[in-house]
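Everything on this sheet refers to the single structure shown next.
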Amino acid sequence: MTVMFDLGPAARRLADLVAAVPDSLLTAPTPCERYTLGDLVDHVGGLALAFTAAATKDTTGSGGQASAQGAPGDAARLGDDWRTRIPAQLATLAEAWRAPAAWVGTTRAGGIELPGDLAGRVALNEVVVHGWDVARAMGLPFEVDAEELEACMSFVSAMAAPDQQAARGSAFGPVVDVPADAPLLDRVIGLSGRDPSWRRPEP
């Protein structure tokens, strides 16, 4: 199989957002109800490790997969280097998925065995949706290209099917109804269990 799509643009977008998070907003709320912005940034670092391991078929946990996906985000784990470390991890994630071998066979992510091509789609969706989360938490605009959104829409639509409720687990909230003629990004966000109209509360 060839590479299905390049995660690089989405990863760079999220990396730039992470690097720009000020200390003063680490305790700010996010569209992810359980997470402060600091918790979410830590989760982004974890998912970068987890899906890099998925791409390289490192199922031993040595790539950080087990701890990254098994534990909730926690700002207390960020350390002092997160503004450089996490963007670098996102760059490594994108590079790992540029290998055709990443998209074939089976791998593991979050303790679940799944086809490589599905893991790649999950990784893209995580990076895009959490990019939106971080941007909204900082009160910033967020733009995604059409190809990324179409790939995410295909994935979240399948995950929103009635027979997928168990599979959604804690990774997705309940589907938020969004008008059929809403922008594609809003529809992706709604199917991911977030309210596209969410805005950072005024201080």
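Structure notes:
- Loop-exposed GluC sites (Glu not before Pro) per DSSP, neighbour cap 10 Cβ within 10 angstrom, longest uninterrupted part of the chain: 34-142
- 3J(HN,Hα) along the stretch 129-143, derived from phi through the Karplus expression 6.51 cos²θ - 1.76 cosθ + 1.60 where θ = phi - 60°, amounts to 5, 6, x, 4, 4, 5, 4, 5, 5, 9, x, 10, x, 9, 10 Hz, with x in place of Gly and Pro.
- Sequentially through the stretch 96-107, phi angles give Karplus couplings (6.51, -1.76, 1.60; θ = phi - 60°) of 4, 7, 7, 7, x, 5, 5, 8, 10, x, 10, 8 Hz, Gly and Pro residues having no value and appearing as x.
- Stokes-Einstein, applied to the Kirkwood radius of the chain over Cα pairs at a viscosity of 1.567 mPa s and 4 °C, places its translational diffusion at 77 µm² s⁻¹.
- Between Ala146, Gly110, Trp132, the Cα set farthest toward the positive side of the dipole of the stretch 8-191 (charges on each charged residue's Cβ, about the Cα centre) is that of Gly110.
- Over the residues of the chain, the helix contribution to mean residue ellipticity at 222 nm works out to -15500 deg cm²/dmol, using -39500 (n - 2.57) for each DSSP H run of at least 4.
- HN-Hα J in Hz across the stretch 78-95 - Karplus 6.51, -1.76, 1.60, θ = phi - 60°, x for Gly and Pro: 4, x, 8, 10, 5, 5, 9, 5, 5, x, 5, 5, 5, 5, 5, 4, 4, 5
- Computed extension gain for Ser24 through Ala76, at 0.36 nm per residue and net of the alpha carbon distance, reaches 17.2 nm.
- Gained length - Arg34 relative to Ala161, 0.36 nm times residue gap less alpha-carbon distance: 43.3 nm
- As a proxy for reagent exposure, Asp117, Asp133 were ordered by neighbouring Cβ count within 10 angstrom, fewest first; the result is Asp117, Asp133.
- Take the Cα of Ala101, step 7 Å toward its Cβ, do the same at Met153, and the gap between the two points is 3.5 nm.
FYI, it's all coordinate maths here, none of it is from the lab. All values derive from a computational prediction rather than experimental measurement. Methodologically, a virtual Cβ is constructed for each residue, glycine included, from the backbone with ideal geometry; neighbour enumeration extends over all protein chains shown.
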